[in-house]
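To start, the structure itself, in C-alpha cells.
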Amino acid sequence: MIYTSQVQGMCPVAKGAYHGPAPIPEEGKWVQARDIKDISGFTHGIGWCAPQQGACKLTLNVKEGVIEEALVEVIGCSGMTHSAAMASEILIGKTLLEALNTDLVCDAINTAMREIFLQIVYGRTQSAFSEGGLEIGASLEDLGKGLRSQVGTMFGTKAKGPRYLEMVEGYVTRQALNENNEVVGYEYVNLGKMMDYIKAGIPANEALEKAKGRYGRFETAAKFIDPRKE
C-alpha cells in the first residue's frame, strides 16, 4: 500500500472503540454482516432496460451468501425470454457478489439483480423476520398451481374503450357489457389448468371448456364481446 508524503508525515492517532456494522434482520436473527457469507434472505427485485421496453421481476433465495433458488419473470420483450432462460442457469450457485458482477444477458435482469442486491444486503427481505428463512422452492408459491406468472394485460383507446386481454385468472375470452356498454365481467381460460387437462388425456375442446371461468355479473350481461376482435 502506498501513502502520500503528506500522510507519511502525520502523527498516528489511535482509533476509538469499534462496534462493527449495524445489525440487520435476517431470517429471524439480527446479524452483523461483514462478509458475503453472512447474508441470507428471500426477496424480490424489479428491473427495466434502458429503452424501458421490458421489465423483469427477479426472486432470489440466498443462504449464507449463495443463491440457492432463482425465479426470473420477464415481460414486454421477446428476447427477454431467452435471456431469462440463461439467467436462471447463470444465477444458481453463485454468491450474491458474483451474481451482482455477472452479465445476466438482459439489461432489465441486470437491473433487477442490482435492486434485489440492495434489498438483501440492507435486510429488507420478505424473510427478514421468518425464523430459519423460507425453504428452497418458496418462489413457486408466487406462481400458483399452474406455475404461471401473474400477468395482467389490458388495452384501451379513447375511441373504443378498454379491452381486457389477460387477467390473473387467465386468458380473457369474452368481456361482458351492460346496457350502457360498461364492463361488468369477463370470461377467461386458465391456461395452466387447460394444459394439465390435455396432458391428462382430455380432448382439447373439452379441456378448454373445463378450464373456463367467469367473473363479475357475467350471467346477467346485456352482451358479450371478444376483446381481441370486436
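What follows draws every value from the coordinates through simple rules; no lab data is involved. Bear in mind the structure is a predicted one, so any value in this text is a computation, not a measurement. Note that we place each Cβ from the backbone using ideal geometry, even for glycine, and neighbour counts take in every protein chain shown.
Using every pair of distinct Cα positions in the chain, the Kirkwood expression returns a hydrodynamic radius of 21.3 angstrom.
In this simple spin-label model, placing a label point 7 Å from the Cα along the Cα-to-Cβ direction at both Arg214 and Asp38 gives a separation of 6.0 nm. At a Förster distance of 30 Å, what's the computed FRET efficiency of Ala50 paired with Val168, Cβ-Cβ distance as r, to 0.05? Result of the calculation: an efficiency of 0.55.
Computed over the range 153-225, the convex hull of the alpha-carbon atoms projects to a mean area of 5.1 nm². Only Cα pairs under 8 Å and 6+ residues apart enter the sum, and on that basis the relative contact order of the chain stands at 16 percent.
By other beta-carbon atoms within 10 Å, ranking Val74, Val121, Val31, Val13 with the fewest at the front produces Val13, Val31, Val121, Val74. Restricting the range 155-214 to trypsin sites (Lys or Arg not before Pro) that sit in a DSSP loop and have at most 14 other Cβ atoms within 10 Å of their own Cβ leaves Lys158, Lys160. Separation of the range 148-204 and the range 3-70, taken as the distance between their Cα centroids, equals 42 angstrom.
Neighbours of Arg217, meaning other residues whose beta-carbon lies under 14 angstrom from its beta-carbon, give a summed charge of -1 when Lys and Arg score +1 and Asp and Glu score -1. With neighbours defined as other Cβ atoms within 10 Å of a residue's Cβ, the residues Lys57, Lys223 order from fewest to most as Lys223, Lys57. I need the fraction of alpha carbon pairs in the range 120-173 separated by more than 15 Å, rounded to a whole percent. Across the range 120-173, Cα pairs with separations above 15 Å total 66 percent. Against the main long axis of the alpha-carbon atoms of the chain, helix 107-121 sits at an angle near 60°. Which residues does a label at Ala222 reach in the range 154-186, if reach means a backbone N under 12 Å from a point 7 Å past the Cα toward the Cβ? Residues 177-184 fall inside that zone.
In this simple spin-label approximation, Lys199 and Asn101 carry label points 7 Å from Cα along the Cα→Cβ vector, and these lie 4.0 nm apart. Full extension of the chain segment joining Lys29 with Asp142 gains 38.2 nm, where the gain is 0.36 nm per residue of separation less the Cα-Cα distance.
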